[in-house]
Amino acid sequence: MREIVTLQIGGAGNAIGDAFWHVISHEHGVDYNSGRFVGTSPLQLERLNVFFNATVSRRFYVRSIVIDTEASTIQRLHTSSQLYRPENFVAGTESAGNNFARGYHTDGAEILQQVLENTRREVEAVDSLQGFQLLHSIGGGTGSGLTSLIMESLVEQYSDNLLCNYVTIPSPNMSQVVVEPYNALLSTPALVNNSHLTFCLDNEALFHICNRNLKIKMCGYEHINHIVALTMSGITTCLRFPGQLNAGLRKIYVNMVPFPRLHFLIPGFAPLVTCTQQQFSKGTVSELVQQIFSSNNLLCAIDLRQGKLLTAAGIFRGRMSPREVDQMMTGVRNKNLNNFVDWIPNNIKTAICDIPPRGLKMSATFIGNTTAIQTLFQRLLDGSSVMLRRKAHLHWYTGEGMEEQEFIDAQQELQAIIDDYRSSAEMDGDGGGGGGGGNGNGSHDGSARPSGAAAGGTKCPHCGE
């Protein structure tokens, strides 16, 4: 089996990771509190070891390293569930203080070897490592600095394996830390050069989904973490349940990334509506397809109409007609040819799994590689440039061993990725579309479809009612 090792780093990474384990443990019939299998179908066990390890006593625990520079932030996870292996908790003695330099050079560097040792132990225990899944934010010091340090080491030690990042990107309208633009800027080189798949998440878009789509009054991050977890569950459906053609990280990488540097993906999920709205929903494939291509359902605050899609994928869950899914997805491209690049002719991928998420009859997860993401990078570049021009707060970083030139180099890297996406949008049909473009326009996955293994539960997946 092709296993994945997860590293959840910093406060945001651990919160998202815990929500993810809540969701997929239920789908696989594993009790979150005890780690015991309580499912009813053998299909729930068939690929359980992609994310879980089993003990001699048939208790399961997640193959995850829980990391933070401050111990207090991960103590709750230590006591809340037996899904976590105690030896896999790695904590420092002092917070990185929202400072990339402390996460990369000082506080984070002190625990790096322990992180790598725990990772090596998990890697050696698996049969065939598929890759690593890193959950983190790039606004804080640990999620940005320590993650960059870890990624460099993973690429050096496990060069044949893929790195997949789920990254929470700071938004100026939701910012709580003044130096977030610096941290995000300094994280860019590691993400561009070391990550293979980077799923971009944006707190602003997630809060808008809760307020606008779900009508939830926000008082914390619990709801938005659950939305991210549902989306991650959809993205990893092809890895966790049998019968899927697109069954590995590398196949996702080949289909979604036309050039190695252009690996920044926008995820989306549908349906994202209130319980009342759900009662009036048609519950059709056409409705799902319409929703996943709407910017209101994207987990990143960008407008797809401001760029062109290089590649796109729709992962559908629930009982539906493969032919109908093919027709709907192909129809989207044919009706919106101007919103797709013309040098990758077959750039829409679809996958289908009969097992829906908890509380839903059907759902769809969107993955898009769009040139519109340059607006997000431009936002990060502008935010850091304003402060760097006046050298504001720079002393906090230079005092930890960094140089001003590192900021300038990071800005050049960020500008380069903006230019790469811009040139891809402007490239005509003769410009070539190398790498791993689409794999069949509207080609559906999975002739063998598991039946209802983990469809249980009637609660709304968003509000719990």
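None of the figures in this text is laboratory data; all of them are computed from the coordinates on show. Every value quoted in this text rests on a predicted model; they were computed, and no experiment measured them. Note: ideal-geometry Cβ built from the backbone for every residue, glycine included; neighbour counts use all protein chains shown.
Couple of notes before you dig in:
- Charge tally in the Cβ shell below 10 Å around V66, where Lys, Arg are +1 and Asp, Glu are -1, V66 excluded: -1
- Descending by average beta-carbon neighbour count within 10 Å, the peptides 17-24, 104-111 line up as 17-24, 104-111, the highest first.
- Formal net charge of residues neighbouring V90 (Cβ-Cβ distance under 13 Å; K, R +1; D, E -1): -4
- Peptide packing: for 173-184, 312-323, the average count of neighbouring Cβ atoms within 10 Å per residue gives the ranking 312-323, 173-184, highest mean first.
- Extending 7 Å from the Cα toward the beta-carbon at both Q113 and A54 defines two label points whose distance is 3.7 nm.
- For Q133, the residues whose modelled amide H falls within less than 5 Å of its own, excluding neighbours fewer than 5 places apart on the same chain, are V5, T6, L7, C164.
- Nearest-0.05 FRET efficiency for V38 and Q157, computed from C-beta distance (R0 30 Å): 0.25
- For the chain, the normalised intensity computed at q = 0.06, 0.10, 0.13 Å⁻¹ comes to -0.24, -0.69, -1.23 (log10 of I(q)/I(0), Debye sum over alpha carbons, equal scatterers, no solvent).
- Cβ crowding within 10 Å averaged over residues, with 336-342, 120-126, 251-257 ranked highest first: 251-257, 336-342, 120-126
- Put a plus charge on the Cβ of each Lys and Arg, a minus charge on the Cβ of each Asp and Glu, and nothing anywhere else: the dipole of the chain about its Cα centre is then about 1800 debye.
- Across K251/K335; K308/K349; K308/K335, pairs whose alpha-carbon gap is larger than 20 Å: K251/K335
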